[in-house]
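The values are calculated or read from the model by the stated rules, or taken from the named source; none is laboratory data. Here the structure is a predicted model, which means the values were calculated and not measured. Neighbour counts are summed over all protein chains in view; Cβ atoms, including those assigned to glycine, are modelled from backbone coordinates with ideal geometry. These area figures cover heavy atoms from the full protein model, side chains too; ligands, DNA and RNA do not enter into them. Shrake-Rupley method; radii C 1.70, N 1.55, O 1.52, S 1.80 Å.
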Amino acid sequence: MMILFSMLIAAADTSLDAPAIVTHTTSEIKVDGLLTEDVWENATPITAFKRYIPTDGDSPPGITEIRFVQDEHTLYIGVRVSEVDYPIQARISPREDVNDDDQVGIYLDPIGDGRTGYIFYLNPLGIQQDIRYSNGQWMVNWNTIFDTQGTVTDTGYTIEMALPFKSLQYTEDGNWTVSMTRKVPSLGAKYSHPQRVRNHPQLFLQAVPLDNIQPPKQGAGIWVQPTISGINTMDRLGDTLEWQERDLGILDSIRPSLDLRWGITSETALTTTINPDFSQVEGDVRQINLNQRFAFFYPERRPFFLSNIDSFQDTANSLYTRSIVSPLYGAKIAGREGKWDIGVLSTLDTQPKSSVHEFGAVGFSETDLEEKTAQSTYLRLRRDALSSGFIGAFITDKRILDGTTVNGFNDVFGFDFRSNIGTDTIVLGFSSLSVTGSRSADAQELGHRHKLVVRKTPDLGFGYSMNLNASTPEYRQEMGFLNQSGLHNISASTQFIKQLGADSLWRPTLDVNYREEFDNDGFLRLSHSHNFGIKGLHRVSGSVGWMSEDYQGDTVSGPYGTGSWESRINRRLNTGIQYDYATSLDYSSGLLAQNQQIAVEWLWRPQSNLRLDVDLAQQWYQLTDEELNSIQRVYSRLNWQYSQYLGTRIIAQTVHSNQEDDRTLDSLFGSFLLSYIRNPGNEVYI
């Protein structure tokens, strides 16, 4: 058997452009991470890999083999890495936490158009990470269902992966493509098949055919996910450490909810949620800024909104799902038919929040939203075009309801596009119109916004970026995250990427950013920066520049600078530190201010199943001839993973602030979570 196995490896096509070939089977495959079934020996392996990170280079250490097998319902992927001469780094981690381990990546495009795809990263123990990619955007919080197991051997590791076809959206013609990577963190290196170009604007154009794939004809079926949440609330008694339990009653303390997904076809699905509870979603890291002008942006983590998320993206970012706070229900349909993508979302939000815009919006103030609901609707239509790019249209409609009466509304209509030019240049942009009004307003407000971006990002040599953005003062995106309008903005940068030695890169950059606001406010910044990537293990960067800002008749100008260092110290410790200094304008007084901030991050793994993250941020802020203000945030997170599926997460976060009037402000946030995640949709949280 071993002689036959060796002969098959020798007979495999070892060129870097060799297609991956799927072998069919009717025999049972047990996903145990051992690759003992006969079908694995009969499958043709992909064995040719070349380094592309940090620089182009040789093959990875040892032997790398990746095979593809399918039956009627599932695509199986088998990985064998052998004859390595370094310690394999593999940890029992929570799902998604594989970036600091030895790792294999599968980049699967089941549409075959090079625009969108699925990314699966696996560590040697089978810990999973899945990502949705669409037209240059990485959606790292997206999840789907698949099974994996891995085994570390004396000379390497083996991994087995079972991916149900119903977990994907795909074309039934079998025009699939795939690319593969292997990561060796101790070398700071990543290798690929086929040969990958760094900074390519469209990741999935760098792929080879997945030959002989025969996906099933049926749709994705029906998924039903019931959820039940128990709630217990206690109130603190005054300033003491005594707590009194609140009697909520059975209807308030038990909250059932239901998610349902119906695969209309293999590429189109309807998803609904009723009375969802998102209490298991991890708390946001507290952001700090003593000179805050705009609202903070927070990433989406809620499962309902992450489902089919690529169908709900547009170049204008007109949908910010965190603007939907507590939906009573939600429904969305997303899919692809031929060259067309469609996404439709509708929700009823029981706790709408006021506008994040600097000057607010008619009908969307805190008073307007008291005891109201919000009906939010989003429509997205996109067609493949423009050299592996797209053209698209989007519509958003948000209505503030008092019963059935519409108190306020905001509608946005727009179109967008993206086009690739060669292997390192993209052009993208959008144009949109907004209409905003309320029942009490005398007239509606109309606004428009336009944006054009041209960007060249080569792997080596000269690159550039130019961004043009303009909007009228009346423009609003109440379903999106838009904190400022009525401005003209031009930003441009040039860079030159040069290789230093065999495995290091140097990137000097020149940047200019000019912004003019409708009320004669404005901003100008010039900067020069250097970035050194050293052997894929360390990164040192720094920049210096000059800025000038006008705000409500006041003007300040002066220097600013920043420096940072990121490093993989050893297999247990990663660290990073960043320092920023800036002359700035104080938005409350219009005076000159000196602003300094330092941030330090540690990632420490004392054991294979323990991970501790500590994030410390300190800001000092001082007006001319005034006392020094400071604010400090300490965020720590401990993960203790008992098995591949069962683990504990503890979060502690403190914020301490000293103000110029001798006030001391403190806050403390704590969170404990016990989770069992067999796969997304089969989860228990306490």
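Within region 185-192, can one find any residue that is among the hydroxyl-bearing types (Ser, Thr, Tyr), assigned to a loop (DSSP other than H, G, I, E, B), over 26 Å from Tyr642 (Cβ atoms) and open to solvent by less than 10 Å² (accessible area, probe 1.4 Å)?
Among the residues of region 185-192, not one is among the hydroxyl-bearing types (Ser, Thr, Tyr), assigned to a loop (DSSP other than H, G, I, E, B), over 26 Å from Tyr642 (Cβ atoms) and open to solvent by less than 10 Å² (accessible area, probe 1.4 Å), which makes the answer no.
Are any residues in region 200-214 part of a loop (DSSP other than H, G, I, E, B) and either more than 13 Å from Gly114 (Cβ to Cβ) or touching a residue at least 40 places away in the same chain (Cβ under 8 Å) (or both), and if so, which ones?
His200, Pro201, Gln202, Ala207, Asn212, Ile213, Gln214, listed by residue number.
For region 168-184, give me each residue that is open to solvent by less than 10 Å² (accessible area, probe 1.4 Å) and over 29 Å from Thr55 (Cα atoms).
Leu168, Tyr170
Is there a residue in region 48-55 that is more than 26 Å from Asp459 (Cβ to Cβ) and open to solvent by less than 30 Å² (accessible area, probe 1.4 Å)?
no
Out of all the residues in region 430-437, is one or more farther than 28 Å from Ser493 by Cβ, touching a His at 6+ places or on another chain (Cβ under 6 Å), in a strand (DSSP E or B) and open to solvent by 30 Å² or more (accessible area, probe 1.4 Å)?
yes
Which of the residues that make up region 532-577 are touching a His at 6+ places or on another chain (Cβ under 7 Å), of a type in the set (Gly, Ala, Ser) and surrounded by fewer than 17 Cβ atoms within 10 Å (Cβ to Cβ)?
If the condition is that a residue be touching a His at 6+ places or on another chain (Cβ under 7 Å), of a type in the set (Gly, Ala, Ser) and surrounded by fewer than 17 Cβ atoms within 10 Å (Cβ to Cβ), then Gly542, Ser567 are the ones that fit.
Looking only at residues in region 659-686 that are modelled with pLDDT of 80 or more and within 19 Å of Asn289 (Cβ to Cβ), which one is most open to solvent (accessible area, probe 1.4 Å)?
My answer is Phe669.
Scanning region 354-411 for residues that are within 21 Å of Ala316 (Cβ to Cβ) and of a type in the set (Lys, Arg), which turns out surrounded by the fewest Cβ atoms within 10 Å (Cβ to Cβ)?
Selected residue: Arg383.
For Gln202, state whether it is modelled with pLDDT under 90 and under 15 Å from Ile111 (Cα atoms).
yes
Could you look through region 284-337, keep only residues that are of a type outside the set (D, E, K, R), assigned to a loop (DSSP other than H, G, I, E, B) and in contact with a helix residue (DSSP H, G or I) (Cβ under 6 Å, 6 or more places away or on another chain), and pick out the one that is modelled with the highest pLDDT?
Leu319
Testing Tyr514 on (1) part of a strand (DSSP E or B); (2) closer than 29 Å to Ser608 by Cβ, one condition comes back false. Which one is that?
For Tyr514, the failing item is (2).
It is to be established whether one or more residues within region 627-648 are within 30 Å of Met547 (Cβ to Cβ), out of contact with any Gly (no Cβ under 7 Å at 6 or more places or on another chain), surrounded by fewer than 15 Cβ atoms within 10 Å (Cβ to Cβ) and not β-branched (Val, Ile, Thr).
Yes, the conditions are met somewhere in region 627-648.
Please tell me if Asp130 is part of a strand (DSSP E or B), of a type in the set (Asp, Glu) and under 24 Å from Asp310 (Cα atoms).
When the stated conditions are applied, Asp130 passes them.
Return the residue satisfying two criteria in turn: it lies in region 56-99 and is open to solvent by less than 20 Å² (accessible area, probe 1.4 Å) and part of a loop (DSSP other than H, G, I, E, B), and of such residues it is nearest to Thr181 (Cα to Cα).
Checking each candidate, the answer is Pro60.
Every residue in region 477-491 that is assigned to a loop (DSSP other than H, G, I, E, B) and open to solvent by 30 Å² or more (accessible area, probe 1.4 Å), please.
Listed by number, the residues that qualify are Phe481, Asn483.
Residues being part of a loop (DSSP other than H, G, I, E, B), over 20 Å from Leu482 (Cα atoms) and within 29 Å of the chain's Cα centre (by Cα): count how many of those fall in region 338-374.
Of the residues in that region, 3 qualify.
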